[in-house]
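Visitor: Submitted below is the structure of interest, expressed as structure tokens.
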Amino acid sequence: MRKCSLSNLSAVFDKISENLALYIPVDTNGGAKFEKYESGMVMSEALNTVRSAKDFFFPQIEDVAAFKVEGKNIEVVDTRVIKDDFVIFGARACDVKAFEVLDNVFLSDPVDSYYANRREHGIIFALSCSKPVETCFCNAFGIDCTEPKGDVSMWKTESEMYFKANSEKGEKILALVADLLTDGEEKVVESEKAKTKEVLKKLPLSNLSPDKFGGGKTKEYFDDPAWKSLSESCLGCGTCTFVCPTCQCYDVKDFNTGHGVVRFRCWDSCMYSDFTKMAHGNPRLTQLERFRQRFMHKLVYYPENNNGLFMCVGCGRCLAKCPISMNIVKVMKTLGGKN
Amino acid sequence: MQKISRETLIEKAKELLQNGTVSSVLGWKAGEFSYDVTPATFNSVEELEKDFVYNDFCGANFSKYLVKATIKAEGKILVFLKPCDTYSFNQLLTEHRFNREKVYVVGIPCEGMVDVEAIRKAAGEGIVSVECTNDGLVVDTLYNGKVKLAEQDVLLERCKVCKSKKHVAYDELLGDEGEVIESKRFDEVERLEKMTPDERFAFWQRELSRCIRCNACRDICPACTCEQCVFNNPKSGVENKAAANSFEEKMFHIIRAFHVVGRCTDCGECSRVCPQNIPLHLLNRKFIKDIDNFYGEYQAGAEVGSRAPLVNYTTDDIEASDAVRKGDGENA
């Protein structure tokens, strides 16, 4: 366990950013956001960023190839821009768990080489939560927000930041800043964790459980009449899917540049009326079906295909951001009975 | 705190359901917390008594919901409209977007709705509960205990500069009729007008760069009722789910603002729902201010059937060159 004083954190940032790209959460008019560190930037105190950390590995828009046409020749150009390692500093336990959810999709055969490339280059400094809020329910999905995974785990006290490397990648970065760190005492971290755990017990969603969901429950929930009232006011916007750290659906499109073609992929949303539209039309004709798809995917279909792992990490972003305040917690409580 | 109680509204809804005037009620449904209210249809007195709420978090404007709800509903729908909601209601009727015969409007007074983000900023994160009282809000928080806040300090932007407490449409009114207010809603627009073009460009660049293209602004907007938006139509050539660059993002919002010119009532729903807190209403307000300046004051939705100045040619209309000069405000 290593540590530095919070007043020395900017020196740590400066040192890391001299060697590789460093991203830290900073405050903006729209809430906290990961930005590339430049000397003088101050790390946000916010519990979480508005957009999740999935953007680093699965950005909203990514060019996948370019086609240059000259005469009868077509040249295919690899447009990958990420070639160097980078550090994500301050992702929370929920977002880090979400990487596991995404890995199951993108790194299983056939491996998505774009995602894999970014994932290989990303080094995660995960920060323990000290002030969870009412919209948090990571606990329901077995996540311990005081024990974040990642290449380096971090804990913050009133005056210090504690670091523990979990991987070789993490150790390498800590070695870079070794001069700025001193030995930290385990028991300080333990008492911080204990404080947070007391708060967790008081959270309004502390008793939420996904036990009634999981693989094999398709028949039980698919035709539940409650979907009608749950979905009736859904606007069909993409807010929930775009702030979600685990939503991973995308669309692939070609863009005519006038002198060639760029193929890109961008986030798609199952809430959209043209989602999975194909030659015969759209398989989900109403908002009820689209809405149901999103929650069945998270609570039933995904766990069915991924050893029971749910496709939700309880970060609470959808609770805070849905324009009509409809969300997975209300769905779970309505379908699964109040728990 | 709202002057009219939940119980009064339930009583009214009960009466109208029981005497057969209406068969369903569009209202606000209580959520998990004090503030996460959802628009919902209530079909019975039991449903109303269980979940119906009317409090400082009932910002949602139901007018647009009527477009779809009136198609499906068999009987009349009771809808509770706050003063600003009634402007959207009239504007949609002007555009023949729903059948007025299928709606029974009960106008209800509004003391302004609060913004939960503003509460978080003022009281701290971790809101356990919010109690709306006559002398403000009592917010119970996880880390700062109970915090008292003045309602005025945490109102939604649109409510801080409320333009009207007058209902311009209703079948029945609960409470007293209010007045159109001499509002300060154009102050922020004037501030932007006074910027140099470079400063203004930088302002919008910064704000719009946060856009995640979730389309919540469009989907909540009572002026956006196209059955298929041009940005969703693969045949339009401009369909896109994500912007290729920040310039394109600006185009989406500016095109949308142009499309609702003369129809936008300034209800403020776009900014209320934006997950990135982009002040989108300022684009629309600039157009409203310009229309007022160029053609005389015009409030979309103030009455049914009015023709917006931009679709009502007169020989006295301002020349395009003058409009550009005047539209630049004092900075020209």
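Visitor: Which members of the range B:33-58 meet the condition of being closer than 17 Å to B:Arg120 by Cα and either out of contact with any strand residue (DSSP E or B) (no Cβ under 9 Å at 6 or more places or on another chain) or not aromatic (Phe, Trp, Tyr) (or both)?
Guide: Those that are closer than 17 Å to B:Arg120 by Cα and either out of contact with any strand residue (DSSP E or B) (no Cβ under 9 Å at 6 or more places or on another chain) or not aromatic (Phe, Trp, Tyr) (or both): B:Ser34, B:Asp36, B:Val37, B:Asp56.
Visitor: Right, something else. For the structure I just gave you, tell me whether B:Ile181 is aliphatic (A, V, I, L, M), within 9 Å of chain A (Cβ to nearest Cβ) and out of contact with any His (no Cβ under 8 Å at 6 or more places or on another chain).
Guide: In short, no.
Visitor: I would also like to ask the following. Filter the range A:300-317 for residues that are buried (at least 24 other Cβ atoms within 10 Å of the Cβ) and either of a type in the set (A, V, I, L, M) or not in a loop (DSSP other than H, G, I, E, B) (or both); which is nearest to the other protein chains (Cβ to nearest Cβ)?
Guide: In this case the residue turns out to be A:Arg317.
Visitor: Now a separate question. Check the range B:207-227 and report whether any residue there is part of a helix (DSSP H, G or I), away from chain A (no Cβ under 12 Å) and not hydroxyl-bearing (Ser, Thr, Tyr).
Guide: no
Visitor: Still on this model: Checking the structure you have, find out if any residue of the range A:68-86 is within 14 Å of chain B (Cβ to nearest Cβ) and in contact (Cβ under 8 Å) with a residue 24 or more places away in the chain.
Guide: Within the range A:68-86, one or more residues are within 14 Å of chain B (Cβ to nearest Cβ) and in contact (Cβ under 8 Å) with a residue 24 or more places away in the chain.
Visitor: For the range B:228-243, state whether one or more residues are more than 18 Å from B:Cys84 (Cβ to Cβ), within 9 Å of chain A (Cβ to nearest Cβ), outside any helix (DSSP H, G or I) and within 20 Å of the chain's Cα centre (by Cα).
Guide: No, that holds for no residue.
Visitor: To continue, here is another question. Residue by residue through the range A:172-183, note down the ones that are within 20 Å of A:Asp84 (Cα to Cα) and either modelled with pLDDT under 95 or exposed (fewer than 13 other Cβ atoms within 10 Å of the Cβ) (or both).
Guide: Matches in the range A:172-183: A:Ala175 only.
Visitor: Count, please, the residues in the range A:139-156 that happen to be in a loop (DSSP other than H, G, I, E, B), in contact with a Lys or Arg (Cβ under 9 Å, 6 or more places away or on another chain) and not basic (Lys, Arg).
Guide: 8
Visitor: Can I ask one more? Does the range B:256-264 contain any residue that is outside any helix (DSSP H, G or I), away from chain A (no Cβ under 12 Å) and over 22 Å from the mean Cα position of the chain (by Cα)?
Guide: no
Visitor: From (1) over 23 Å from the mean Cα position of the chain (by Cα); (2) in a helix (DSSP H, G or I), pick out the condition that doesn't hold for A:Ser233.
Guide: (2)
Visitor: Only one of (1) of a type in the set (A, V, I, L, M); (2) away from chain A (no Cβ under 14 Å); (3) under 16 Å from the mean Cα position of the chain (by Cα) is not met by B:Ala122, so which one is it?
Guide: Tallying (1) of a type in the set (A, V, I, L, M); (2) away from chain A (no Cβ under 14 Å); (3) under 16 Å from the mean Cα position of the chain (by Cα), B:Ala122 fails exactly one: (3).
Visitor: How many residues does the range B:52-78 hold that are buried (at least 16 other Cβ atoms within 10 Å of the Cβ) and either closer than 30 Å to B:Val139 by Cα or within 11 Å of chain A (Cβ to nearest Cβ) (or both)?
Guide: Matching residues across the range B:52-78 total 14.
Visitor: What about A:Glu120, is it over 25 Å from A:Cys315 (Cα atoms) and of a type outside the set (Phe, Trp, Tyr)?
Guide: no
Visitor: Of the residues that sit in the range A:105-162 and are aliphatic (A, V, I, L, M) and surrounded by fewer than 19 Cβ atoms within 10 Å (Cβ to Cβ), which one is nearest to the other protein chains (Cβ to nearest Cβ)?
Guide: A:Val105
Visitor: Residues to consider are A:Phe57, A:Phe67, A:Phe34, A:Phe86; find the one that is farther than 23 Å from B:Cys274 by Cβ, assigned by TED's automatic domain parsing to the domain that holds A:Phe163 and not small (Gly, Ala, Ser).
Guide: A:Phe86
Visitor: Quick one: A:Pro225 ticks every box in (1) within 14 Å of chain B (Cβ to nearest Cβ); (2) at pLDDT 95 or above; (3) loosely packed, with under 14 Cβ neighbours inside 10 Å; (4) over 30 Å from A:Leu288 (Cα atoms) except a single one, so which number is it?
Guide: (4) is the only condition that A:Pro225 fails.
Visitor: Within the range A:201-222, take every residue that is surrounded by fewer than 19 Cβ atoms within 10 Å (Cβ to Cβ) and in a helix (DSSP H, G or I) and give me the one that is nearest to the other protein chains (Cβ to nearest Cβ).
Guide: Of everything passing the filter in the range A:201-222, A:Lys202 is nearest to the other protein chains (Cβ to nearest Cβ).
Visitor: Is it true that A:Gly258 is part of a loop (DSSP other than H, G, I, E, B), within 14 Å of chain B (Cβ to nearest Cβ) and surrounded by 15 or more Cβ atoms within 10 Å (Cβ to Cβ)?
Guide: Against the criterion (part of a loop (DSSP other than H, G, I, E, B), within 14 Å of chain B (Cβ to nearest Cβ) and surrounded by 15 or more Cβ atoms within 10 Å (Cβ to Cβ)), A:Gly258 does not qualify.
Visitor: Right, next: Step by step: first the residues of the range B:33-51, then only those that are crowded, with 18+ Cβ neighbours inside 10 Å and assigned to a loop (DSSP other than H, G, I, E, B), then the one that is nearest to the other protein chains (Cβ to nearest Cβ). Which residue is that?
Guide: Across the range B:33-51, the extreme among qualifying residues is B:Asp36.
The values are calculated or read from the model by the stated rules, or taken from the named source; none is laboratory data. Because the structure is a prediction, the values reported are computed rather than measured. Every residue, glycine as well, gets a Cβ built from its backbone with ideal geometry; the counts of neighbours run over all protein chains shown.
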